[in-house]
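Trainee: Attaching a single structure in structure tokens format; questions to follow.
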Amino acid sequence: MVTASICTIGDEILIGQIVDTNSSKISIALNSIGVKVNEMTSTSDNENEIVRTLERCLEKTDIVIVTGGLGPTKDDITKKTLGKLSGAKEFVKNQEQYEIIERLLTARGVEMSDLNIAQSYVPDSCKVILNECGTAPCMLFEFGAEKYGHNALLFSLPGVPFEAEAALPKVLKIIQEHYKMENIFHKTICTFGIPESTLAKTIEEWEDNLPDNLHLAYLPNPTLGVRLRLSIYGVDKEQGERELEEESRKLEAIIGDAIYGVGEDSLQAAIGRMLKSKGATISTAESCTGGSIASLLTSVPGASQYFYGGIISYDNSVKINTLGVKRETIEMFGAVSEECVKEMASGVKKLMGTDYSIATSGVAGPDGGTPVNPVGTVWIAISGPDFLLTKRLQFHASRKLNIERFTSNALNFMRVKLQNDLNCNR
């Protein structure tokens, strides 16, 4: 199987000043044509470090894709370093890239400088892949088996994300011209509500009996749940899809309701599909989650078909005056209580005229906790045509993460109820 390494260059990545999004986009693109990415790495703007990193990658994989360090300033040394690595004798002007640079700068009203002109010069050891979106040319370096033990391709792309992404179709075409590709198939199964360690134990026997060419990866996320990625290599499309489907059905029989979707699915999208299938509507009453449930529900295209609105009842006066929560309820039980969220859910459902509602009240922290309701406590209520259910949960995390977990667990509470109701009515 053809393998690849991805390397980002730049101190700004290593110090956390910018987030590397190029690697994930490049990896997705490579996987789509059957290239297996074995390594992602970042290195500083230091010639020796760059050479050391790239030589190791070239020895280990067939393809290396580098992003970054191609700008007009003196700290951008990638092109110079790649020239040395590839044994270039001189730098030569690429007229086509020069004309692109001139056109782009003229359109921006920027005068052409010596630094911009220098960007059109490339090592004589490379083939230029024109960058239509920016001033730094993309470059391809080819290495024979005598240097690294196998034929290898090294691509150098700009660090600017939209420029790197725009170059990918050309890069993929070149790779496919050089190598015979094997198929890679992935299927990601989205689960929520079972902790990763518990999930691993639950599906242990199934995992142990997977075919040898099928691999499982756990992708935990506090707000998305645990995603299970099944990957199969080196088979034809029909066989790959058949085996993935067979194993998915076996998994569904084991963990059932914990599965809410596949691929890039989300809890809010799953809820939206079920509400649309029922022709039903939903509203929200949020205290500790501050509108994040409503925000996620409305992030789904077409949410206007089923989401009517929400109330952020952060202060008790809003709970009482807008949602109709009884003053005595809060005085007797407190705002963070089962009794309060029940009345919040019922109140917003009546106020908005919806079929379903979700309500939350809790203590996100870092202050405000009590012996009864420590920081990280949340009460969730979901209401429907014939039910009013509640759940109390407690987490031990930062304020931000507590709010995210409150939100995702509230959505999942509603998702499971809707899913069970739909299954019962089939």
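Trainee: Are any of the pairs Lys60/Lys237; Lys25/Lys147; Lys93/Lys170; Lys237/Lys400; Lys25/Lys127; Lys350/Lys391 more than 32 Å apart by Cα-Cα distance, and if so, which? Provide the component values of the computation, followed by the final result.
Mentor: Details: Lys60/Lys237 28 Å; Lys25/Lys147 29 Å; Lys93/Lys170 21 Å; Lys237/Lys400 43 Å; Lys25/Lys127 23 Å; Lys350/Lys391 21 Å.
Result: Lys237/Lys400 exceed 32 Å.
Trainee: Give me, ordered by chain and number, the residues 5 or more places off Gly310 or on other chains with an amide H under 5 Å from its own placed amide H.
Mentor: Long-range HN contacts for Gly310: Thr284.
Trainee: May I pose another question? Could you work out how far helix 47-60 tilts from the main Cα principal axis of the chain, as a 0 to 90 degree angle to the nearest 10?
Mentor: 80 degrees
Trainee: Please work out the C-alpha center-to-center distance from region 344-386 to region 1-64 and express it in whole Å.
Mentor: 45 Å
Trainee: May I ask for the distance between the Cα centers of region 202-238 and region 68-119, given as a whole number of Å?
Mentor: The distance from the Cα centre of region 202-238 to that of region 68-119 comes to 44 Å.
Trainee: Under 5 Å between amide H atoms, partner at least 5 residues away or on a different chain: which partners does Gly159 have, H built in plane at 1.01 Å?
Mentor: Sorted by chain and number, the residues that satisfy this are Gly68, Gly69, Leu70.
Trainee: While we're on this one: Using the number of other C-beta atoms within 10 angstrom as an exposure proxy, rank Thr202, Thr61 with the fewest first.
Mentor: If I rank by nearby Cβ atoms, fewest first, I get Thr202, Thr61.
Trainee: Follow-up. If you put +1 on each Lys and Arg Cβ and -1 on each Asp and Glu Cβ, how big is the dipole of region 267-424 around its Cα centre, in Debye rounded to 20?
Mentor: With only Lys, Arg, Asp and Glu charged at Cβ, the dipole is about 380 debye.
Trainee: Then there's this: Quick one: helix 22-32 against the long Cα principal axis of the chain, what's the angle to the nearest 10°, folded into 0 to 90?
Mentor: On a 0 to 90 degree scale, this one is about 90.
Trainee: Continuing with this model, one more query. If you count, for each residue, the other Cβ atoms within 10 Å and average over each peptide, how do 236-244, 313-321 line up from highest to lowest?
Mentor: Numbers: 236-244: 14.2, 313-321: 16.8.
Packing order, densest peptide first, comes out as 313-321, 236-244.
Trainee: Please list, by residue number, every one of the trypsin sites (Lys or Arg not before Pro) in region 37-130 that is coil in DSSP and has at most 11 other beta-carbon atoms within 10 Å.
Mentor: Details: sites: Arg52, Arg56, Lys60, Lys74, Lys79, Lys80, Lys84, Lys89, Lys93, Arg103, Arg108, Lys127; in loops: Lys74, Lys89.
Of the trypsin sites (Lys or Arg not before Pro), the ones in loops of region 37-130 whose Cβ has at most 11 other Cβ atoms within 10 Å are Lys74, Lys89.
Trainee: Please arrange Arg249, Arg229 by how many other C-beta atoms lie within 10 Å of their C-beta, fewest to most.
Mentor: With the fewest neighbours first, Arg249, Arg229 line up as Arg249, Arg229.
Trainee: What number comes out for the charge environment of Asn22, summing +1 per Lys or Arg and -1 per Asp or Glu over other residues with Cβ under 15 Å away?
Mentor: Value of the local net charge: -4.
Trainee: Related question: Report the net charge of residues surrounding Asp355, where surrounding means a beta-carbon distance below 14 angstrom and charges are Lys +1, Arg +1, Asp -1, Glu -1. Working shown, then result.
Mentor: Numbers: positive: Lys276, Lys278, Lys349, Lys350, Lys417; negative: Asp386, Asp421.
Result for the neighbourhood of Asp355: +3.
Trainee: Choose one answer from Pro161, Pro222, Pro371: the residue with the largest mean-square fluctuation in a GNM of the chain with alpha-carbon springs under 10 Å.
Mentor: The residue with the greatest mean-square fluctuation here is Pro371.
Trainee: Calculate how many DSSP beta bridges within region 267-424 are antiparallel, expressed in % of all such bridges and rounded to the nearest 5.
Mentor: In region 267-424, approximately 60 percent of DSSP beta bridges are antiparallel ones.
Trainee: Just to confirm a number: summing +1 for Lys and Arg and -1 for Asp and Glu over residues other than Gly134 whose beta-carbon lies under 12 angstrom from that of Gly134, what do you get? Intermediate values should be presented prior to the final figure.
Mentor: Details: positive: Arg103, Arg108; negative: Glu132, Glu163, Glu165.
Result for the neighbourhood of Gly134: -1.
Trainee: Still on this model: Going out from 0 in 10 Å bins, what whole percent of all Cα-Cα distances in region 3-178 drops into each bin?
Mentor: For region 3-178, the pair-distance distribution reads 10, 40, 38, 11, 1.
Trainee: While we're on this one: Kindly work out what percent of the DSSP beta bridges joining two residues of the chain are antiparallel, to the nearest 5. Let's see the in-between values first.
Mentor: Details: 44 of 71 bridges.
Rounded to the nearest five, the antiparallel share is 60 percent.
Trainee: Does anyone have the angle between helix 399-424 and the longest principal axis of the chain? Alpha-carbon axes, 0 to 90°, nearest 10?
Mentor: That helix lies at roughly 70 degrees to the long axis.
Trainee: Moving on. Just one of [x] 24.6; [y] 21.4; [z] 26.6 is mean projected area of the Cα convex hull in nm² calculated from these coordinates, so which is it?
Mentor: [z]
Trainee: Another one. What are the ³J(HN,Hα) couplings of region 200-205, residue after residue, when phi is run through the Karplus curve with 6.51, -1.76, 1.60 and θ = phi - 60°? Round to Hz, x for glycine and proline.
Mentor: Values, residue by residue: 4, 5, 5, 9, 4, 5 Hz.
Trainee: Could you pull out every residue, at least 5 positions away or on a different chain, whose amide H is within less than 5 Å of the one on Asn221? Hs are placed 1.01 Å off N in the peptide plane, and Pro or chain starts have none.
Mentor: For Asn221, the qualifying residues are Val226, Arg227.
Read-outs: derived from the displayed coordinates by stated rules, not from any lab. Every value quoted in this text rests on a predicted model; they were computed, and no experiment measured them. So basically every Cβ, Gly included, is an ideal-geometry build from the backbone, and we count neighbours across all protein chains shown.
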